[in-house]
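In what follows, a structure is listed as structure tokens, so that the remarks can point back to it.
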Amino acid sequence: AQSVTQLGSHVSVSEGALVLLRCNYSSSVPPYLFWYVQYPNQGLQLLLKYTSAATLVKGINGFEAEFKKSETSFHLTKPSAHMSDAAEYFCAVSDPGSGNTGKLIFGQGTTLQVKP
Amino acid sequence: KAGVTQTPRYLIKTRGQQVTLSCSPISGHRSVSWYQQTPGQGLQFLFEYFSETQRNKGNFPGRFSGRQFSNSRSEMNVSTLELGDSALYLCASRRAGGSGETQYFGPGTRLLVL
């Protein structure tokens, strides 16, 4: 069964510092991978996704992620944190071999705090 | 283009009651999925509907059910509410072209069971 692990439930960085949020997946075949962000009292917004094209994926708001098959990882990075980046971030996976299912398996989430 | 809408946004019920939540997908999207979000269990997949048929189901008891109408709008129902059903219920829509397709989430319905 597929699973997603996000290392660190809380990450704190200073404004302007590098943001690194970690995500590892467990799957027998390379899955589709997604990063979503959730602001308080809102739904999820897609930041970026990997669907077996380029391994380095660029998303919105300056975020990017690199798919590393050998490490089964899909870590999210941003060179310089902004106060508006404070939110909860979720890594998710879907199985390309499961037909057209929309089922996403989510990690537990990482809360990003940005200090001034 | 309007996003995914969910009604109501907030709901308070008591144990034993039932509740119906509604989701209107983005125009042209034929698939609607439902998720439950709680602090303890995180985001968990409930079920997915496509063309009025349930395509996939998560590991939830039969008290949780759903349906989809011909205009792709979807409802989910929870019968005999329990305290543990208190959660944010999110729906997501997509065109339904494949598993790698982006799902667009609504703002959620926050359910409190007393």
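The values are calculated or read from the model by the stated rules, or taken from the named source; none is laboratory data. The structure displayed is predicted, hence computed values, not measured ones. Methodologically, a virtual Cβ is constructed for each residue, glycine included, from the backbone with ideal geometry; neighbour enumeration extends over all protein chains shown.
Some points to look at:
- Residues of the stretch A:66-95 satisfying the condition of being farther than 29 Å from B:Arg110 by Cα, touching a residue at least 40 places away in the same chain (Cβ under 8 Å) and in contact with a Phe, Trp or Tyr (Cβ under 8 Å, 6 or more places away or on another chain): A:Thr72, A:Ser73, A:Phe74, A:Thr77, A:Lys78
- Scope the stretch A:41-59; condition surrounded by fewer than 17 Cβ atoms within 10 Å (Cβ to Cβ), without any contact (Cβ under 8 Å) to a residue 24 or more places away in the chain and more than 12 Å from the chain's Cα centre (by Cα); matching residues: A:Asn41, A:Gln42, A:Ala53, A:Ala54, A:Thr55, A:Leu56
- When A:Ser70 is tested against (1) hydroxyl-bearing (Ser, Thr, Tyr); (2) out of contact with any Asp or Glu (no Cβ under 8 Å at 6 or more places or on another chain); (3) closer than 30 Å to B:Thr53 by Cβ, exactly one condition is not met: (3).
- Hey, A:Leu76 crowded, with 22+ Cβ neighbours inside 10 Å, closer than 27 Å to B:Asn56 by Cβ and away from chain B (no Cβ under 14 Å) or not: yes
- Looking only at the stretch A:17-40, and only at residues there that are hydroxyl-bearing (Ser, Thr, Tyr) and within 11 Å of chain B (Cβ to nearest Cβ), the one that is surrounded by the most Cβ atoms within 10 Å (Cβ to Cβ): A:Tyr36
- Candidates are the residues of the stretch B:101-114 that are within 7 Å of chain A (Cβ to nearest Cβ) and within 16 Å of the chain's Cα centre (by Cα); the one that is surrounded by the most Cβ atoms within 10 Å (Cβ to Cβ) is B:Gln103.
- Residues of the stretch B:69-98 that are hydrophobic (A, V, I, L, M, F, W, C), touching a residue at least 60 places away in the same chain (Cβ under 8 Å) and touching a Ser or Thr at 6+ places or on another chain (Cβ under 6 Å): B:Ala92, B:Ala96.
- A residue that is out of contact with any helix residue (DSSP H, G or I) (no Cβ under 8 Å at 6 or more places or on another chain), within 11 Å of another protein chain (Cβ to nearest Cβ), surrounded by fewer than 18 Cβ atoms within 10 Å (Cβ to Cβ) and not in a helix (DSSP H, G or I) occurs somewhere in the stretch A:8-16.
- The residue that is farthest from the chain's Cα centre (by Cα), among those in the stretch A:60-75 that are of a type outside the set (Asp, Glu) and assigned to a strand (DSSP E or B), is A:Lys68.
- Looking at the stretch B:16-100, the strands (runs of 3 or more DSSP E) lying wholly inside it that each contain 1 or more residues that are at pLDDT below 95 and more than 11 Å from chain A (Cβ to nearest Cβ) sit at B:53-57.
- Of residues in the stretch B:75-100 being closer than 19 Å to B:Tyr10 by Cβ and of a type outside the set (A, V, I, L, M, F, W, C), the one surrounded by the most Cβ atoms within 10 Å (Cβ to Cβ): B:Tyr89
- Qualifying residue in the stretch A:97-110 (condition: more than 30 Å from B:Phe47 (Cβ to Cβ), out of contact with any Phe, Trp or Tyr (no Cβ under 6 Å at 6 or more places or on another chain) and part of a strand (DSSP E or B)): no
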